[in-house]
Amino acid sequence: MNKNLNPLIAVAFVLIFLAIQMIVQTVVLVAELLLNGKLLAGDVQADATLSTTGLMLSMAIFSIVSIALFTVLKWSPVSRSFYDRRPWGVLFWSIFVSVGLILPSMYFQEVTMPDQWPDFVQQIIDQTEQTLSLVMSTTGGYAVVCLLAPIAEELVFRGAVLRTLLQWKPEHRWLMIVLSALLFALSHMNPAQFFHPLLIGLLLGWMYERTGSVLPGIIYHWVNNTVAYLLYHAYPSSDITIVDIFGSQGRALMAIGFSLLIVLPSLYQLHLRMRKE
């Protein structure tokens, strides 16, 4: 296969991933309307939306279908080779990096994002945050957000997208990691949270390039989403800031500094251990 087509293939993987989401949501919505008798009665609003149960079901099906499609078609090859090396150190330090980066990433996002967005952008942000809040607050939300989503996203964006880009230009590995991280951040379709998935995408891309496995990324992603899930239940408001959580700017900065003291040694340990694996 012509490697010059790899960038297009990588973008195609992202579009397929997003298309699966839209198709599944549409199918579940139609099924709900049929069950409620609204579709046959012609009582369908132009802005009909999924119920909370339908939303949860569609997100779960979307992740499961994505995992199955990308593994069965070998778009994201899966093997035991990395696991068989017993990379417990890599997985252990991945957890520490994930926990330590939460506060610095949140803070940087807070200080760099504009106070006001154009109306159409704000509408996208509000809709995305409302959807996430519904999922987070529903029974089964943890399984969807913290278990299924990390597996699906790592298989797609690292196992398929980044792997394809690295095959195209292995000598420019960091450029390929940046491109895959940009695609990862854009796919979340939430401008207000662009920086956090971009940062995660860079880190997870580095981990994948060094290990050739999505497993460290899945572990990192699981911890990151779990912390976000716990924070949501502790502070449900989407407007909460780090200063609000810690009570003052000084305490917030101290917490960020402490987090960096966790992150930097953990990154160094990952660098050493991924090189050995």
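Inside the range 232-252, can you point out the residues that are among the aliphatic types (A, V, I, L, M) and touching a residue at least 24 places away in the same chain (Cβ under 8 Å)?
242, 252
Enumerate the helices (runs of 4 or more DSSP H) found wholly within the range 111-198, keeping only those where 2 or more residues are at pLDDT below 85 and more than 24 Å from residue 66 (Cα to Cα).
Fully inside the range 111-198 and qualifying: 119-136.
Would you mention how many residues in the range 186-195 are within 24 Å of residue 219 (Cβ to Cβ) and either in contact with a Cys (Cβ under 7 Å, 6 or more places away or on another chain) or open to solvent by less than 40 Å² (accessible area, probe 1.4 Å) (or both)?
Number of matching residues: 2.
Give all pairs with beta carbons closer than 6 Å in which a residue from the range 10-31 that is at negative phi and among the β-branched types (Val, Ile, Thr) meets a residue that is open to solvent by less than 50 Å² (accessible area, probe 1.4 Å) and part of a helix (DSSP H, G or I); count only pairs at least 6 apart in sequence or on separate chains.
14/183; 14/187; 20/62; 20/66; 24/58; 24/62; 28/54; 28/58
Could you list, in sequence order, the residues of the range 114-147 that are among the hydrophobic types (A, V, I, L, M, F, W, C) and open to solvent by 40 Å² or more (accessible area, probe 1.4 Å)?
117, 120, 124, 132, 134, 143, 147
Within the range 168-185, work out how many residues are crowded, with 16+ Cβ neighbours inside 10 Å and within 23 Å of residue 21 (Cα to Cα).
Matching residues across the range 168-185 total 6.
State the number of residues belonging to the range 217-261 that are in contact with a helix residue (DSSP H, G or I) (Cβ under 7 Å, 6 or more places away or on another chain), over 11 Å from residue 104 (Cα atoms) and open to solvent by less than 60 Å² (accessible area, probe 1.4 Å).
Of the residues in that region, 14 qualify.
Being among the aliphatic types (A, V, I, L, M), in contact (Cβ under 8 Å) with a residue 24 or more places away in the chain and not in a loop (DSSP other than H, G, I, E, B) is the filter here; which residues of the range 64-101 pass it?
64, 65, 67, 69, 90, 91, 95, 97, 99, 101
Residue by residue, here is whether (1) within 20 Å of residue 205 (Cβ to Cβ); (2) surrounded by fewer than 16 Cβ atoms within 10 Å (Cβ to Cβ); (3) touching a helix residue (DSSP H, G or I) at 6+ places or on another chain (Cβ under 8 Å) holds:
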site	(1), (2), (3)
53	no, yes, no
63	no, no, yes
86	no, yes, no
90	yes, no, yes
95	yes, no, yes
100	yes, no, yes
108	yes, yes, yes
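The values are calculated or read from the model by the stated rules, or taken from the named source; none is laboratory data. It should be emphasised that the depicted structure is a prediction, and the values quoted were computed from it without experimental measurement. Don't worry about glycine lacking a Cβ; one is built from the backbone with ideal geometry, like all the others, and counts go over all protein chains shown. Side chains are part of the model used for accessible areas, which takes the heavy atoms of the whole protein and leaves out ligands, DNA and RNA. Shrake-Rupley method; radii C 1.70, N 1.55, O 1.52, S 1.80 Å.
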